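The values are calculated or read from the model by the stated rules, or taken from the named source; none is laboratory data. Note that this is a predicted model, so its numbers are computed, not measured. Neighbour counts are summed over all protein chains in view; Cβ atoms, including those assigned to glycine, are modelled from backbone coordinates with ideal geometry.
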């Protein structure tokens, strides 16, 4: 069963499968949300206090659950809620693991433009991939055309950022960035660039 789950997850990450391919299991959904929460906190606490990281993940997951539920309910497809959440939460875990490894192994000097350029390109590719995956999941789960799926993705990202701006306004004024729903329902708030000697 585990092997099948990971095959479906990889298929979702590479746009060959959709949320409907995951088994309908509330237990699996809870486990995926828990894994999403834990990995999100681990990534976030690299730049914020633990209590803030925990609260940020609670906000992220709440936005994810509410957004998916309301859209599916509006489209009369509420029965797809569990599988959609499993897909988004498990994808978020993968992205957060990647972010955790990245943030703990990359220290960029602002006086090294080539390094800055490389990180910017890598971050752009990572962001584009994650946004494409979210759009794919929305398109498959909501059964909408690609343009509408893209609009819904933008709406989801905007709502997530607004929620963080409301609950954590200090994150906007600090030297950190919020790569939030780029990791799908999680907050990655950490400095990607450090000054010399820091």
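Summary of values
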read-out: Candidates 39, 16, filtered to the one that is under 13 Å from the mean Cα position of the chain (by Cα), farther than 19 Å from residue 163 by Cβ and either part of a helix (DSSP H, G or I) or without any contact (Cβ under 8 Å) to a residue 60 or more places away in the chain (or both); value: 39
read-out: Every residue from segment 11-46 that is within 24 Å of residue 104 (Cβ to Cβ) and out of contact with any helix residue (DSSP H, G or I) (no Cβ under 8 Å at 6 or more places or on another chain); value: 34, 38
read-out: Within segment 113-122, considering residues that are loosely packed, with under 13 Cβ neighbours inside 10 Å and either modelled with pLDDT under 75 or over 22 Å from residue 95 (Cβ atoms) (or both), the one nearest to the chain's Cα centre (by Cα); value: 117
read-out: Among residues of segment 63-80, those that are touching a helix residue (DSSP H, G or I) at 6+ places or on another chain (Cβ under 8 Å) and closer than 16 Å to residue 160 by Cα, counted; value: 7
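To keep it simple, each residue is scored yes or no on (1) surrounded by 17 or more Cβ atoms within 10 Å (Cβ to Cβ); (2) assigned to a helix (DSSP H, G or I); (3) at pLDDT 95 or above.
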position: 105; (1), (2), (3): no, no, no
position: 139; (1), (2), (3): yes, yes, yes
position: 156; (1), (2), (3): yes, yes, yes
position: 162; (1), (2), (3): no, yes, no
